[in-house]
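Q: Supplied in structure tokens, the structure appears directly below.
Values in this text are rule-based calculations from the coordinates and carry no lab data. Quick caveat: nothing in here was measured; it's all calculated off a predicted structure. With ideal geometry, Cβ positions are generated from the backbone for all residues, glycine too; neighbour counts draw on all protein chains shown.
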């Protein structure tokens, strides 16, 4: 059977996802994906990478995490819930014409992301970050 060497000792790899302290972090939007919610409604999923070191709990230790996507925000495209999308368009300075925009224009934009730390919906013993607000840089 072929062997693979990944170049690091896997015993030293954390298997817990980093959870940031609540706060406001400057971030770059690194990914935008379209999809459907569990109820079948259209949504966009935004991924944010902080541009500064972020204190995070990783398992039982606290360490500064850099250079990695840490936050995600699911944004409904339901007409009753477009306030979050409008906030993102304005914060990232993405041009829109009425109800039309190119969601790839978000990529690489810098914004400030306000996050909280809360119990996960499906497992209250696990803490996760929740994006509360996205604001313009500066």
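Q: Which residues among the stretch 29-56 fall inside the zone where the amide N is under 17 Å from a point 7 Å beyond the Cα of residue 72, along Cα→Cβ?
A: 29-50
Q: To one decimal place, what Kirkwood hydrodynamic radius in Å is obtained for the stretch 62-137 from all pairs of distinct Cα atoms?
A: Across the stretch 62-137, the inverse of the average 1/r is 14.3 Å.
Q: Considering the chain as a Gaussian network with a 10 Å cut-off on Cα pairs, which listed residue, 45, 32, 115, attains the greatest mean-square fluctuation?
A: 45
Q: Related question: Over the chain, what is the mean sequence separation of C-alpha contacts under 8 Å (at least six apart), divided by residue count, expressed as relative contact order in percent?
A: Relative contact order for the chain comes out at 26 percent.
Q: Would you list 71, 17 from fewest to most Cβ contacts within 10 Å?
A: Ranking 71, 17 by Cβ neighbours within 10 Å, fewest first, gives 17, 71.
Q: What 222 nm value per residue comes from the helices of the chain, counting each DSSP H run with n ≥ 4 as -39,500 (n - 2.57) and dividing by all residues, nearest 500 deg cm²/dmol?
A: -2000 deg cm²/dmol
Q: Let me ask something else about it. Taking the beta-carbon count within 10 Å as an exposure proxy, list 24, 1 from fewest neighbours to most.
A: Fewest to most other Cβ atoms nearby, the residues stand as 1, 24.
Q: Which values, in whole Å and largest first, are the semi-axes of the equivalent ellipsoid of the stretch 9-138 obtained as the square root of 5 times each eigenvalue of the Cα gyration tensor?
A: Listed largest to smallest, the semi-axes of the stretch 9-138 are 27, 17, 13 Å.
Q: Moving on. First measure r as the distance between the Cβ atoms of residue 28 and residue 1, then evaluate 1/(1 + (r/R0)^6) with R0 = 35 Å and state the FRET efficiency to the nearest 0.05.
A: Working from the Cβ atoms, E equals 0.30.
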